[in-house]
1. Filtering region 73-86 down to residues that are open to solvent by 10 Å² or more (accessible area, probe 1.4 Å) and outside any loop (DSSP other than H, G, I, E, B), which residue is nearest to the ligand (Cβ to nearest atom)?
2. Determine whether region 313-326 contains at least one residue that is open to solvent by 30 Å² or more (accessible area, probe 1.4 Å) and of a type in the set (Gly, Ala, Ser).
3. Identify, please: which residue in region 50-72 is under 23 Å from Ile163 (Cβ atoms) and buried (at least 23 other Cβ atoms within 10 Å of the Cβ) and is, among those, nearest to the ligand (Cβ to nearest atom)?
4. Is there a residue in region 252-270 that is modelled with pLDDT of 90 or more, of a type in the set (S, T, N, Q) and farther than 29 Å from Asn212 by Cα?
5. Conditions first: (1) more than 13 Å from the ligand (Cβ to nearest atom); (2) open to solvent by less than 10 Å² (accessible area, probe 1.4 Å). Gln40 passes all but one, so which condition is the exception?
6. Please work out which one of (1) open to solvent by 40 Å² or more (accessible area, probe 1.4 Å); (2) in contact (Cβ under 8 Å) with a residue 12 or more places away in the chain is the condition Asp213 fails and give its number.
7. Going through region 243-270 one residue at a time, which ones are farther than 17 Å from Gln40 by Cα, in a helix (DSSP H, G or I) and within 24 Å of the chain's Cα centre (by Cα)?
8. Anything in region 161-175 that is in a loop (DSSP other than H, G, I, E, B) and modelled with pLDDT of 95 or more? List them, or say none.
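The values are calculated or read from the model by the stated rules, or taken from the named source; none is laboratory data. Keep in mind that what you see is a predicted model, and the values were worked out from it rather than measured. Every residue, glycine as well, gets a Cβ built from its backbone with ideal geometry; the counts of neighbours run over all protein chains shown. Keep in mind that these areas ignore ligands, DNA and RNA; they rest on the heavy atoms of the full protein, side chains included. Shrake-Rupley method; radii C 1.70, N 1.55, O 1.52, S 1.80 Å.
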Amino acid sequence: MSLAGLLPQPPYPWFTAVWEGFARQVEQDRLPHALLLVGQTGIGTLELARAMAQYLLCAAPRPGRSCGQCRACLLIQADSHPDLHWVGPEDGAQSIKIGQIREMTDFTNKTAQQGGRKLVVLSPAETMNINAANALLKSLEEPSGDCVYLLVTEQPAFLMATIRSRCSRVQIRTPDFADALQWLERNRVTDAENLLQAAGGRPLRVMDWLANDLWGQREQLRKELQSLLDGTSNFLECAKGVSAYGSVWIVEQLQIWIAEAVRMSALTRGSDDTLVGHLLTLPTQRLLRYYDLLGAKKRLLLSTANPNPQLLLEEIMMDLKELGRKSS
Ligand SMILES: [Zn+2]
């Protein structure tokens, strides 16, 4: 039988080692009932979870891969398998709420419709509020035999320790730059090296940019930051100018530019990028402090503390202005 038309498994080549470990556990019937997939966003971890679910639900799996042709495989590819339940923040909410975990519990308590396993994919797991997390913990403590939980997170430290300890942790490495670049080039992405650099080495983030025209948005953000550092705008104007963009996205962009400046400074090289070039004139220690500060802001934005994003953005721009002003 031809294998053409099958989804590649693992879905991306950089998951090969993780996939082989997972497939081995399944084949030897020693897969834990809950996996915690820990990896950066923008590298395809959710697609990995989907492929794992497909392999576990496939009616005719082959060694190391699902068949891609059975009813279960087709239903998963059509996003409508009744025994696969997705949990994530709904309707623009930042967090996963207890009602969603109750719905999930109703699902796990039922018998699988296709007679096999049941799968829950919960992502991003760190966005569960405390009530949701406690409810999930109960389900993890009393697992029903045929249900497998795949929890996906970028920030495992924000999960309750009791949840972490109930899951088997699978660490997913960000692909090597060269591998990611090769993959982008194979997918006919032009200017792939610059894009990948700008995306902090995360190939799926590049694809996301291209699909949603975020590249233009990034150039706009760069202009606003440049004006702020040049002194042609103040921090309030700058925060207002970029307020339509996602705050987490802005923080991540800034981190990428700062990291690039720190890297270039360590190599004692200049940069063709005017914004990075400007940052390069600042003391590295101060850049690193700002980088950490951005990390703290990002954690706050992703937390369930419900911060005011606009206020946070103004603080970020004010700190950037300060960073650019002082010289030592
Ligand atoms: Zn199948």
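1. Ranking the candidates gives Leu74 first.
2. No, region 313-326 contains no residue that is open to solvent by 30 Å² or more (accessible area, probe 1.4 Å) and of a type in the set (Gly, Ala, Ser).
3. Ala53
4. The answer is no, given that none of the residues of region 252-270 is modelled with pLDDT of 90 or more, of a type in the set (S, T, N, Q) and farther than 29 Å from Asn212 by Cα.
5. In the conditions (1) more than 13 Å from the ligand (Cβ to nearest atom); (2) open to solvent by less than 10 Å² (accessible area, probe 1.4 Å), Gln40 misses (2) alone.
6. Checking Asp213 against (1) open to solvent by 40 Å² or more (accessible area, probe 1.4 Å); (2) in contact (Cβ under 8 Å) with a residue 12 or more places away in the chain, the one that fails is (2).
7. Ser247, Trp257, Ile258, Glu260, Ala261, Val262, Arg263
8. Cys167, Ile172, Pro175
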